[in-house]
Structure formats: structure tokens, C-alpha cells
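Engineer: Before I ask anything, let me first share the structure, which is written out below as C-alpha cells.
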Amino acid sequence: MAYLQTDVTKVTTRVLQNMKVHGEKIAMLTAYDYSMAAILNRTKIDVILVGDSAANVMEGYKTTLPITLDEMIVYASSVVRAVSRALVVVDMPFGTYQGNSKQALASAIRIMKETGADAIKLEGGEEVLESIQRILTAGIPVMGHLGLTPQSINKFGTYAVRATEEEEANRIIHDAHILEEVGCFAMVIEKVPAALAGRIASEVKIPIIGIGAGSQVDGQVLVLQDMLGITQQFKPRYLRTYGNIGDDITNAVQQYITDVKSVDFPNTREQY
Ligand code: KIV
């Protein structure tokens, strides 16, 4: 099929909506730093998520809970400085929006003001409705996130696939409709059965971006370091790797060490 939105110079929430309407899939990846974001900016990636997965990937934490708003702002502003085309979405970290809509708005405003990003993302459905409503009143676009919501890992107790039972599946469907009605421009649905994600994508009019949610959704998101083969020992079924960059870096560094120790580097052309 023709890619209708490839020529846009800036991806906006409206462009994403158009892509859903025309059946063009949305490609989304994470980034947390200027160098990687600059590489992504050489492509036609539609959405860049400055995910709170930075807690795992950049900071080595086991969960996403410890990352702070200040840290997310540093990551996000570095990404924004490199990106011209993609829509940049920033995750609101754990503890900055749950249960206090005033704090949620203040946190979202800080993200938008201090990073120059295009939108924020937060996890949860009905329980964070008031926070979403308040953020939207400031004109800040909100992306939802349902299914496996890593900030609730201590409640779930596992990163296993969610919503295999009807009760949880119905709750996610209910929440997806709530997020659409309140005015979210899109939502991520993580690690749920493909049929459930497909049903939600066909029922709601806003784009559904899946991760471990099958192909019947409106787009896909992966963590950049996972799909490039930089992350070690993280091989969920849904992950397709598109490179072995971790091995490439190891080999390059090994070669550098050998060259330094053997006085092969620098040679006469590499000195003054
Ligand atoms: O933080 C993140 O990277 C995410 C994606 C996995 C959707 O939320």
C-alpha cells in the first residue's frame, strides 16, 4: 500500500488520526538521548516515545518506578533537540500524576515547558481519569497506556501477559472507551491477547499502538535498545530484533583495545 503520510514534515496527533482512518500503520520507537534520537530522525519513524523504560535501559533499575520527573525531563529535552519530524511523546513517571490531578497538571506542564515535547503518556484507565481531564484542559495531548502497565508491577506481581481472563479483558475494553471519550489522542496497549487488542482497535476511533498485542492494531512500539539487540537477556515472545548492535559494540571495543595495546592505533596518518 502507499504510505499516505510519509511526506509530512511534522507528525502531529492529527496525522496519526489520519493514518488510522486510512489504515496506514504507525511506527513508534523509544529514545532517551540525543545521539540515538538523531539517528531515528534520519528515518521516517512516526512517533518517538521517551519512555520511563529509561529507568531500565538507561539507569539499570529492575522496574520503572524509581525514575524521577527531573530525569525524564533531561532525557526528553535531549531527544527533542535531535528530532524534527516525529511526534515526541514523554512518559509521566510513577508518582507524578496518580491520585492528584493538580500535581498531574503541574508535572505535565513541566514536561511540555522544559522539554519542548509534543505530548505526554500516562498509564491507567478510569482510576486516572481526573488527572487526564485536568491535563487536557491545558491543551496538552495525552496518550493512554492500558494492559500491562509496568508502573503497577507491584500490584500485578508479574510481567506475564494480561487480560487472559474475561473480567480483566472487559475492564480494559471499558477503560479504552473511557480514554477515547475523555479525549486521549491515542493509546498504547501492552501485552494482551491479539484478539482483545484487535477488538479495541476496531471499537475505538483513536489509534491503538500495540506492544505484544498482535497485528490487528493501528501501530507498533518497541524499546529501541531491545529491537537493536543492545539489551541482553530480554527476549519476550513479541520482540523481533533488527540488529546485533550489542555484539557490534563489543567487537568494536575489543578491536580498539587490541589496536591500542599493539600500538597499531594511532598510526602515522592519525597523528599530528
Ligand atoms: O516506557 C516505555 O518504553 C513504554 C513502552 C514499552 C510502550 O511505555
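The values are calculated or read from the model by the stated rules, or taken from the named source; none is laboratory data. In this text, all values refer to a predicted model and were calculated from it rather than measured experimentally. Note: ideal-geometry Cβ built from the backbone for every residue, glycine included; neighbour counts use all protein chains shown. Note: areas computed on protein heavy atoms with side chains; ligands, DNA, RNA excluded. Shrake-Rupley method; radii C 1.70, N 1.55, O 1.52, S 1.80 Å.
Engineer: Give the accessible area for His22 in Å² (nearest 10); use a 1.4 Å probe, count only protein heavy atoms, and leave out ligands, DNA and RNA.
Structural biologist: 100
Engineer: Between Ala252 and Lys62, take the C-beta separation as r, use R0 = 30 Å, and let me know the FRET efficiency to the nearest 0.05.
Structural biologist: Calculated value: 0.55.
Engineer: Just by accessible area at a 1.4 angstrom probe, what is the order of Arg134, Arg81 from largest to smallest?
Structural biologist: Descending accessible area places them as Arg81, Arg134.
Engineer: Compute the normalised compactness of region 59-110: alpha-carbon radius of gyration over 2.2 N^0.38 Å, N being the residue count.
Structural biologist: Here the answer is 1.24, to two decimals.
Engineer: Hey, another quick one. I want to check the label-to-label distance for Glu126 and His174. Put each point 7 Å from Cα in the C-beta direction and report it in nm to one decimal.
Structural biologist: According to this spin-label approximation, the distance is 0.4 nm.
Engineer: Could you let me know the centre-to-centre spacing of region 226-264 and region 181-211, using Cα atoms, in angstrom?
Structural biologist: Their Cα centres are 34 Å away from one another.
Engineer: Just by accessible area at a 1.4 angstrom probe, what is the order of Met112, Met58, Met143 from largest to smallest?
Structural biologist: Met58, Met112, Met143
Engineer: With N residues in region 25-117, what two-decimal value do you get for its Cα radius of gyration over 2.2 N^0.38 Å?
Structural biologist: My calculation over the Cα atoms of region 25-117 gives 1.05.
Engineer: For each pair in Lys62/Lys155; Lys191/Lys235; Lys113/Lys191; Lys121/Lys205; Lys62/Lys191, compute the distance between the two Cα atoms and list the pairs where it is over 21 Å.
Structural biologist: Pairs exceeding 21 Å: Lys113/Lys191.
Engineer: Quick check on the chain: helices-only [θ] at 222 nm, where DSSP H runs of length 4 and up contribute -39,500 (n - 2.57) each and the sum goes over total residues. Nearest 500, please.
Structural biologist: Rounded to the nearest 500, the figure is -12000 deg cm²/dmol.
Engineer: Give me Rg/Rg_expected for the chain, where Rg uses Cα atoms only and Rg_expected = 2.2 N^0.38 Å with N residues.
Structural biologist: Here the answer is 1.07, to two decimals.
Engineer: Right, here's the next one. Note down the relative contact order for region 26-86 as a percent, whole number, built from C-alpha pairs under 8 angstrom at least six residues apart.
Structural biologist: Contact order relative to length: 46 percent.
Engineer: With every protein chain kept in place and ligands, DNA and RNA left out, what is the accessible area per residue of the chain? Probe 1.4 Å, answer in Å².
Structural biologist: 51
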